[in-house]
Structures are given as C-alpha cells and as structure tokens.
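Here, each number is a calculation from the coordinates, and none is a lab measurement. On a predicted model such as this, the values are computed, not experimentally measured, just so you know. Neighbour counts run over all protein chains shown; Cβ positions are idealised from the backbone, glycine included.
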Amino acid sequence: MHNNYYFLRQLSAKLGTRLQGYSVVSCFSQNKDELVIEFNNKRQSFFIKAHLLPAFSCLSFPDQFSRARKNSVDLFDEIILKEFTDVRQFENERSFALNFKDDLSLIFKLHGNRSNILLTKGDNVIKIFKNQFSDDATLDVSSLDKQINWSQSNFQKQQDDLHKTYYTLGRPVWEYLVQIGFENSTVDKRWEIFNSTLNQLKTPKYFVQQSTKPRLVLLPLENTRPLPSDPIEAITVFFYEYTSSVALSREKQNLINSLSQKIQGCESYIEKNTKKLREVAYDSHFKLWADLLMANMHSIKKGAATATLKDFEQNAVTIKLKPELSVQKNAENYYRKSKNQEIEINKLKASIDQKKNELELLSQQLIDIDNATTVKDLKKFHSHSNLQTKAPREASLPFHAFEFQGFQIWVGKNATNNDELTQKFAHKDDLWLHAKDVAGSHVVIKHRSGKPFPKLVIERAAELAAYNSKRKTETLCPVIFTPKKFVRKRKGDPAGAVVVDREEVIMVTPRL
C-alpha cells in the first residue's frame, strides 16, 4: 500500500508541511528509472528519491545523497530555484502534485508499472520523466481527480461488486475486512465494519507485513510489525527493507539454482554408476573361465575358437578363445580381465561414496542458504569451491563465456587476453564492445549467420563490458560498440590497446 491513495494523502500532507520555505536546488537522474530532487531552505537540504522501476515504484527520502560526477543528467530545469508553495493530493487517486511559484507543478503519478513524474504549467503538461509513456504528455490533469459514491444506499446496492466500486482501498484493506469477519456479516453489520475501517484509514498507523516480499500496510494484518508514525520516515524505512529483502531473495535464488544443478548432477551420477556397479559385480565370469581353462588345458585342442567345459557344479559353459594364443595365454587374459574388473568395482564404489559425501555437503549448504538472513551471509557461498561451475578447459581460454538469447558473449580476462580474444578468436562480423574512455575488458558478441544482433543482446553485453571496467561502480556507463572489422591494433601498442575506426555508444548500468 505504499502507493495507495490512503497512504499517499498522508504522505503528501506531511510533505506540504515539511517543504514550507524550501526551494528546488537540483533535479537530476543517474539512471533511466530514478529521479532525485534536492530542496534547500538555506540551512539544510531535503531529498526526494523516486524509484520508478516497472517491478517496483516507490518514493524514499534519504538524509544525504551524493551525486555522481559522471553519468547524471539535469532534468526539469524550469523548477530550479523555484520556491515550493503547497501540495495537491488528487482525490481517490495514486497521484499528488508539488506546486511551485509561477504556476509550475511536479506531479508524482504512482501508477504501478506505469509510474511517471510530470512537469506542468497550469493544467498543461510540458515535460515528462519517462518518455515511453507518451500518453502522459497529453494528460488532462483534472482527470486525475476521481469521484466515489460513499453513501450507505450505494454500498447496499453494490454488494456483489464492492471491490470494483471502492477501488481505492486496495488488496490489504480487503484482507483486513475478511480478517475481522466482514464476509460473514449482515449487510448492516458490513456497513458498520466498512465505516469503522474507513475511519482508521483517515488517521492510519503504518506497518510492514512480512510475506514473499515486504508490504507497507495501514491496518494491523497478520504477521506485521509497526513502522515509524511519520509517513516520510515510514516509507523510507520500508523502501530499504524492501530492496534489501529483494536483493537477499535474488542472491538466494541464484545460489539455490546453482546448487540444485549440482545436486541433480550428483544424484544422476550416483544413480548411473550404482547401476553400472551392479552390472559389473554380477558379471563375475572372467575368473571362473580362467580357472576352467587352467583345469582343462590339456583337453582343449590347440587353435580352437571356443571350448565347452563343465563348471564346478557340472553345468556346461562355452568359453570364447583366441585361436592364435595358447590355452594358458587365453586363461591369463581372463585373469587380467578379472583383476581389471575388481579394480573397476573398487573405483566405482569410491567415486559413488565421494559423490554421496558431496551430495550431503551440497544439501547442507542448501539449508544454510535458505536460513541466511542477510546478503553478507551469502558471500561465503559465492567463493565456495563446490559452487564453481566453469569447466576445467575454460581456464585455458583467454575469455569468460556467457550465453544470452542464443548468442555467445565473450569477455576478456586481462589486457593480454584482450588482445588474444580480439585478434585470434573474434571474427570480422562479430560485434566488439568496450567501456568508453577507461580501461576494461574487450567484449565480443559472436555473429550468427543470417541473424542481426538484437538490442537486448547488445545491452546485456554492454552491461558486462561496463562491469568489467574501471566504471563498474558508476550508476551509468557509456559503452562503445562496433563490428570487429573496424577494430585494429597498431604495432608497438601496449597490451589491450586498439584503435576503433567507427563506433556507436550505448548507456547501461554495469551488471554482472
């Protein structure tokens, strides 16, 4: 409910008080889904940080924010040094506006995966933050106010469609109503419970509910704990808890997936080799054949291809022979096979036991990862030898290999390996990438005949190039890309240094 109307009207009201006497001194973005606004009243700064990712849009209010020296862009210049006047909360809507002098407003339209920030003058939208939502550029600001009929008669009439009629409440409110017996009550009792809940939402308390992902809720649902009573503090605490929880969950899932593959491989190995062990142990006739040949060597004709003999239980046994060898030599061959068979059995038993021990260790690690409560707790598992998935032969290659959407992406390991990757392994039609103006790995996307390089594949390779460069800690990084045929190395250049005759630039977030 952090973007719910009932929370936002508390938040916007608090901002209306908090920002009195403040003016905007900077407004900038360091990545495509984040906008930072700094206010100042000549004594101190106040920051609003808007995170507008499709999967999670949320405001937070950090005490401090250090702007990066590079890869940030100023936005909404019109409100710089404009004094804040008041707040407008749109009725029954997940939007509010910060108003400034000269009839300028900044609208925070927090509509889930279509969240955006709009700059308006009067009722006209003059700029938008996320340009992909082009409809926002022609938005009728007055349309953001919505009307709901809250009368008892309408409530009674809409009993079969309450969720749609009172759409502002949101899922947690309906969960709370179910929790306090709303569903099993008479219509009159429902109206009483409904009104009581609406009154709670007028002056709510703030809670974080622990489920798959943390939720900010305004009512005491199950498995909740209180947040600060100030809505600005409450949503900031919630934001950091949510992002930490998601990061932990993502790290856990990556490790669990890696371990699960290892466990599956161990189980498959044990099953296959146990079956083989049974077959080898059951097939123990080589020593018997050798004993029979040695016991009957004087009765077997020289040059015979087979010998039919009776075993020690008087059963007839046919034994294949090599005609060019003597009976004794044939027996020696079977003794040798019997000995090798025994060695194979011992090796199979040892390898199965080793895999069982590895399986036990991996299973325990799976439990430990599931019980981890912080990202720091998971770091030790990243470097654990049992989680290394690279094939031994890959160590001899001058690059790390990745695959994305069917395309091979190769990343050079060091300066010398960069030269080897670009000069020996890359084809002229491959796409070559490198972080702009800094040291870093050469990255190559292998060409696939008849297939152009998709934009998403180029972005993914650029993220790897940015991460494997001196810009890896920056929020945004420019990466150049070009067909490998436009990359050349001059005689006498140091390792890794090349000349690029033609290039294009893409801005990405460094990511491994």
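I'd like the FRET efficiency for Phe402 and Asp437, computed as 1/(1 + (r/R0)^6) with the beta carbon distance as r and R0 of 25 Å, rounded to 0.05. Could the numbers behind the result be given before it?
Details: r = 24 Å, r/R0 = 0.96.
E between Phe402 and Asp437, to the nearest 0.05, is 0.55.
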Would you mind checking the pairs Lys424/Lys484; Lys42/Lys82; Lys252/Lys379; Lys70/Lys485; Lys451/Lys485; Lys82/Lys121 and listing those with alpha carbons more than 19 angstrom apart? Lys70/Lys485
Which percent of Cα-Cα pairs in segment 266-369 sits in each 10 Å bin, short to long? 14, 33, 21, 16, 10, 6, 2
Which value in nm describes the separation of the simple spin-label points at Thr475 and Asn154, placed 7 Å from the Cα toward the beta carbon? 4.2
Distance in nm between His285 and Val375 label points, each 7 Å along Cα→Cβ, equals 6.4
Where a ≥ b ≥ c are the square roots of the eigenvalues of the C-alpha gyration tensor, would you call segment 98-181 rounded, which needs a/c under 1.5, or, failing that, prolate if a/b is larger than b/c, or oblate? prolate
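Just flag the chymotrypsin sites (Phe, Trp or Tyr not before Pro) in segment 249-319 sitting in loop per DSSP whose Cβ has no more than 11 other Cβ atoms within 10 Å. Show your work: numbers first, answer last.
Numbers: sites: Tyr269, Tyr282, Phe286, Trp289, Phe312; in loops: Phe312.
Within segment 249-319, the qualifying chymotrypsin sites (Phe, Trp or Tyr not before Pro) (loop, at most 11 other Cβ atoms within 10 Å) are Phe312.
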Want the number for Asp161 to Trp174: 0.36 nm per residue separation, take away the alpha-carbon distance, what's left? 3.4 nm
Over the alpha-carbon set of the chain, divide Rg by the Kirkwood Rh and report the Rg/Rh ratio to two decimals. 1.19
Taking the Cβ-Cβ separation of Asp74 and Asn357 as r and a Förster radius of 51 Å, what is the calculated FRET efficiency to the nearest 0.05? 0.30
In the neighborhood of Ile367, defined by Cβ-to-Cβ distances under 14 Å, what is the net charge if each Lys or Arg adds +1 and each Asp or Glu adds -1? -3
Using each residue's phi in segment 421-431, evaluate 6.51 cos²θ - 1.76 cosθ + 1.60 at θ = phi - 60° and report the 3J(HN,Hα) Karplus result to the nearest Hz, with x for Gly and Pro. 4, 6, 7, 10, 9, 7, 9, 4, 8, 5, 9
Take the alpha-carbon centre of segment 109-141, take the same for segment 1-16, and report the distance between them in whole Å. 19
Taking the Cα centroid of segment 152-188 and of segment 286-345, what is the distance between the two, rounded to the nearest whole Å? 88
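Please say if segment 1-81 is rounded, prolate or oblate, where rounded means a/c under 1.5 for a ≥ b ≥ c the square roots of the C-alpha gyration tensor eigenvalues, and otherwise the choice is prolate for a/b larger than b/c and oblate otherwise? It would help to have the intermediate numbers written out before the result.
Numbers: a/c = 2.02, a/b = 1.10, b/c = 1.84.
Oblate, because a/c is 1.5 or more while a/b does not exceed b/c.
With a Förster radius of 60 Å, plug the Cβ-Cβ distance of Lys276 and Leu81 into 1/(1 + (r/R0)^6) and report the FRET value to the nearest 0.05.
Working: r = 79 Å, r/R0 = 1.31.
Working from the Cβ atoms, E equals 0.15.
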Sticking with the crude label model, points 7 Å out along Cα→Cβ, report the distance from Asp135 to Asn346 in nm, one decimal please. 7.6
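Which of rounded, prolate or oblate describes segment 141-208 when judged by the alpha-carbon gyration tensor and an a/c cut-off of 1.5?
On the way: a/c = 1.83, a/b = 1.14, b/c = 1.60.
It is oblate, given that a/c is not under 1.5 and a/b is not larger than b/c.
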At 222 nm, what helix-only mean residue ellipticity would the chain give, in deg cm²/dmol to the nearest 500, using -39500 (n - 2.57) for each DSSP H run of four or more? -12000 deg cm²/dmol
